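Notes for the one structure printed next.
The values are calculated or read from the model by the stated rules, or taken from the named source; none is laboratory data. All values reported here derive from a predicted model rather than from experimental measurement. Neighbour counts run over all protein chains shown; Cβ positions are idealised from the backbone, glycine included. Ligands, DNA and RNA are excluded from the accessible area calculation, which covers all protein heavy atoms including side chains. Shrake-Rupley method; radii C 1.70, N 1.55, O 1.52, S 1.80 Å.
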Amino acid sequence: GGRVRCPSASPPPRPPTQVLYGGPPGDPSHQLLAISELETRLRFTMSVVLVAETPEVQRSLPLESLPPEALADELTPPTELLRRRCVEEVRSGGVSATAGVDTSTYVAPDAHGGHGLFAATALPRHHIIGEYTGTLARGFLASDTTACSAACGADRYLMRYPDAAGSLHLSARSAGSLLRFVNHAPRGAPANNATCWAVLVDGAFHTLVATTRAVEKGEELAYDYGAAYWARHG
């Protein structure tokens, strides 16, 4: 396998060198961690690019991906300007090569014994938080929820990929971006403040997470994982 290539992206996006942890700048719990330390603490590998598990998966993406017009409305950026901004986010990796750190969010322990992603500063509506990256792999058909539950139930970082057969999935379980820490809040709940958009870039769909309303500094970011996720995990 390998990186799902964006031919016009040069040089390839690189992960940040540091990450905000514990609280926003100025908070007593705030820390600036090297990515290697965060990876060791939370047992994952930081990656800002989409990776295909096998060469076969990578070759098949342009043929198997749904046409953009077939996407559900909630997966489509609401304006052309936002779609273009999503494409720019994919190509850049979302982090300035000079800064090496995303100052808009921080990772911190959540209320459920795990970790979440929080706003380090006030974020406006339709702020693109970043791309949900990981490994694209072929698995069970999306309609086969019983088989998928047995095979994929332990992977709580699994996301559907918009392909025609519904047989591809994206997992950030072992490697991915900080978006893997965004937790669930049902659509319509007060805590729900984000959503996922899918944009087609050079033949492959990339999933971006964006705010759906203004988010206050220190507020946890959360979106609705959807019915298919809970059918797998119960």
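Near E64, once Lys and Arg are set to +1 and Asp and Glu to -1 for all other residues with Cβ below 12 Å from its Cβ, the sum equals 0.
With charges only on Cβ, +1 for K and R and -1 for D and E, what is the dipole size of the range 169-231 about its Cα centre, in debye, rounded to 20? Show your work: numbers first, answer last.
Numbers: 5 positive and 5 negative charges, 17 e Å.
Around 80 debye, computed over the range 169-231.
Taking T103, T133, T195 as the candidate residues, the one with maximal mean-square fluctuation in a Gaussian network model of the chain, Cα springs under 10 Å, is T103. With all protein chains in place and a 1.4 Å probe, the accessible surface of the range 189-234 carries 58 percent carbon and sulfur.
Dipole of the chain, Cα-centred, from +1 at each Lys and Arg C-beta and -1 at each Asp and Glu C-beta, to the nearest 20 debye?
Details: 20 positive and 23 negative charges, 50 e Å.
In debye, rounded to 20, the chain gives about 240.
Comparing A214, W197, V48 along the charge dipole axis of the chain, the residue lying farthest to the positive side is V48, per the Cβ-charge model.
Placing unit charges on each Cβ (+1 for Lys and Arg, -1 for Asp and Glu) gives the range 61-127 a dipole about its Cα centre, and among G93, L61, A72 the Cα reaching farthest toward its positive end belongs to G93. Extension gain, E88 to R213: 0.36 nm times the residue separation minus the Cα-Cα distance gives 42.9 nm.
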